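The values are calculated or read from the model by the stated rules, or taken from the named source; none is laboratory data. Given the structure is predicted, the values throughout are model-derived calculations rather than measurements. For neighbour counting, all protein chains shown are included, and Cβ atoms are generated from backbone atoms with ideal geometry for every residue, glycine included. Quick note on the areas: whole protein, heavy atoms, side chains included, nothing else; ligands and nucleic acids left out. Shrake-Rupley method; radii C 1.70, N 1.55, O 1.52, S 1.80 Å.
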Amino acid sequence: MLGQDRVYLAHEYLSEHWRLFQFSDVAARLGEADGLGYIASATLTENFNQFAVPANLQPLIAQTGDPILRETLRDVAANKNFRRDIFGRGGKILSKAERRELLGRMRFAPVVPRRRQVFKFRGPLNELIGRDDFYSPIADLLTERFATFDELLALPIFGEHAVDRLVECLALLIHSGQVVPLIIQPTMDPEPARRFNRMIVDRARGGRLYGYLASPIAGTGIRVDDFGLLTLAAIFDGEADTLLAAARHGLSIITALGRRPLDDGRALTEDDEAIEFLSARMRPVIVDDIPLWRRLGML
């Protein structure tokens, strides 16, 4: 716990009535209070037994009909100590046709540039290694254009017989923060999100750093690091005609805060060294991230 964020620790543990709840406790309370029923885990990989349950216990889970007991067994089987669940009213099990129809309406977009995408995923039990012949065609098509589920399913490696396989691939890509499902609406106005992102960059100039920008197309936050914020500050301030100019502007922002760039924990006290360091980190932002952020309506 000493290595965890203090804000998280205060939020999670400094509560007058703090105590651990089993899944069955939470399900019972929500059912009594609001008539809510369990729908799924908000951690996508937890919804796939092949990812979340040891192989020798998967038959037991599969034959357990009661959903409360099944989730309890899954917790014990995986030695799980933290859950994020979705409850709702009127939930029902979709038929294959209903599920397929819903999937067909979905579109997907990359939020990580193609050359930085990796097909190794942190699973509930261990690291999951994705087959390149499955994941590369998905990544290539999404780099070319935002694609529907049906367009991805039409790739030669998949086909209508492989709906579940494609769902698993997309779930892992979304879980790892490399792809997002889209909720594009015909009347969507991107300007509020863009104003919000400018405010985030303005806050960064004053030393208040936030790790996400808003994408109106994805309807969610897209991760951005400190170098991304510095690069955007240079662009918004008209100081990004060249990479060198952007790096110098970034250094001026850091210096005004009484700080220096850190390279593996070492403060770079010489300006030339600091500018070279910032240039190396801002280059991929300009080359790879900025075009992607524009496609996602963030800029």
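All but one of (1) free of Cβ contacts under 8 Å to residues at least 24 places away in the same chain; (2) more than 18 Å from Ala42 (Cα to Cα) hold for Arg194, so report the exception by its number.
Looking at each condition in turn, Arg194 falls short on (1).
Can you name the residue in the range 225-255 that is touching a residue at least 40 places away in the same chain (Cβ under 8 Å) and open to solvent by 10 Å² or more (accessible area, probe 1.4 Å) and is also farthest from Gln185 (Cα to Cα) among such residues?
Ile253
Inspect the range 278-292 for any residue being without any contact (Cβ under 8 Å) to a residue 12 or more places away in the chain, under 25 Å from Asp189 (Cα atoms) and out of contact with any Leu (no Cβ under 6 Å at 6 or more places or on another chain) and give the result as yes or no.
Looking for residues that are without any contact (Cβ under 8 Å) to a residue 12 or more places away in the chain, under 25 Å from Asp189 (Cα atoms) and out of contact with any Leu (no Cβ under 6 Å at 6 or more places or on another chain), one finds at least one in the range 278-292, hence yes.
Among the residues of the range 37-50, write down those that are within 16 Å of Gly91 (Cβ to Cβ), open to solvent by 50 Å² or more (accessible area, probe 1.4 Å) and hydrophobic (A, V, I, L, M, F, W, C). It would help to see each step written out before you state the result.
Looking only at the range 37-50, we keep the residues that are within 16 Å of Gly91 (Cβ to Cβ), and these are 37-42, 47.
From what's left, open to solvent by 50 Å² or more (accessible area, probe 1.4 Å): 38-39, 47.
Residue satisfying the conditions is Ile39 alone.
Is there a residue in the range 18-36 that is open to solvent by less than 80 Å² (accessible area, probe 1.4 Å), in contact (Cβ under 8 Å) with a residue 40 or more places away in the chain and within 25 Å of the chain's Cα centre (by Cα)?
The answer is yes, given that some residue of the range 18-36 is open to solvent by less than 80 Å² (accessible area, probe 1.4 Å), in contact (Cβ under 8 Å) with a residue 40 or more places away in the chain and within 25 Å of the chain's Cα centre (by Cα).
Go through the range 110-184 and tell me which helices (runs of 4 or more DSSP H), entirely inside it, have 2 or more residues that are within 17 Å of the chain's Cα centre (by Cα).
Values: elements: 132-144, 149-153, 163-175.
Counting at least 2 such residues, we get 132-144, 163-175.
Arg115 versus (1) surrounded by fewer than 17 Cβ atoms within 10 Å (Cβ to Cβ); (2) under 16 Å from Val180 (Cα atoms): which is the lone unmet condition?
Checking Arg115 against (1) surrounded by fewer than 17 Cβ atoms within 10 Å (Cβ to Cβ); (2) under 16 Å from Val180 (Cα atoms), the one that fails is (2).
What residue, among those in the range 68-90 that are open to solvent by less than 60 Å² (accessible area, probe 1.4 Å) and either touching a strand residue (DSSP E or B) at 6+ places or on another chain (Cβ under 6 Å) or in a strand (DSSP E or B) (or both), is nearest to Ala42 (Cα to Cα)? Walk me through how you get there before you give the answer.
Kept after step one, since they are open to solvent by less than 60 Å² (accessible area, probe 1.4 Å), are these residues of the range 68-90: 68, 71-75, 77-78, 80, 83, 85, 87-88.
Then keep just the ones that are either touching a strand residue (DSSP E or B) at 6+ places or on another chain (Cβ under 6 Å) or in a strand (DSSP E or B) (or both); that gives 85, 87-88.
On the way: Asp85: 5, Phe87: 10, Gly88: 12 Å.
Selected residue: Asp85.
Can you tell me which residue within the range 208-224, out of those that are open to solvent by 20 Å² or more (accessible area, probe 1.4 Å) and small (Gly, Ala, Ser), is nearest to His175 (Cα to Cα)?
Gly221
Please pick out the residue among Thr148, Thr143, Thr187 that is open to solvent by 70 Å² or more (accessible area, probe 1.4 Å), at negative phi and of a type in the set (S, T, N, Q).
Values: Thr148 fails: open to solvent by 70 Å² or more (accessible area, probe 1.4 Å); Thr143 fails: open to solvent by 70 Å² or more (accessible area, probe 1.4 Å).
Thr187 is the lone residue from the list that is open to solvent by 70 Å² or more (accessible area, probe 1.4 Å), at negative phi and of a type in the set (S, T, N, Q).
From the list Ser95, Ser41, Ser24, which residue is at pLDDT below 90 and small (Gly, Ala, Ser)?
Working: Ser41 fails: at pLDDT below 90; Ser24 fails: at pLDDT below 90.
Unique residue meeting the criteria: Ser95.
With the structure loaded, tell me whether Thr64 is crowded, with 16+ Cβ neighbours inside 10 Å and either over 21 Å from Glu168 (Cα atoms) or out of contact with any Pro (no Cβ under 9 Å at 6 or more places or on another chain) (or both) or whether it fails that test.
no
When Val201 is evaluated against the numbered criteria (1) modelled with pLDDT of 90 or more; (2) among the aliphatic types (A, V, I, L, M); (3) out of contact with any helix residue (DSSP H, G or I) (no Cβ under 7 Å at 6 or more places or on another chain), which criterion, by number, is the only one it fails?
Result: Val201 passes all but (3).
Here are some residues: Ala40, Ala33. Which one is over 17 Å from Gly123 (Cβ atoms) and of a type outside the set (S, T, N, Q)? Walk me through how you get there before you give the answer.
Numbers: Ala40 fails: over 17 Å from Gly123 (Cβ atoms).
Result: Ala33 is the single residue among Ala40, Ala33 that is over 17 Å from Gly123 (Cβ atoms) and of a type outside the set (S, T, N, Q).
Confirm whether Phe134 is over 26 Å from Pro216 (Cβ atoms) and modelled with pLDDT of 95 or more. Reasoning before the result, please.
Numbers: over 26 Å from Pro216 (Cβ atoms): yes; modelled with pLDDT of 95 or more: yes.
So Phe134 fits the description; yes.
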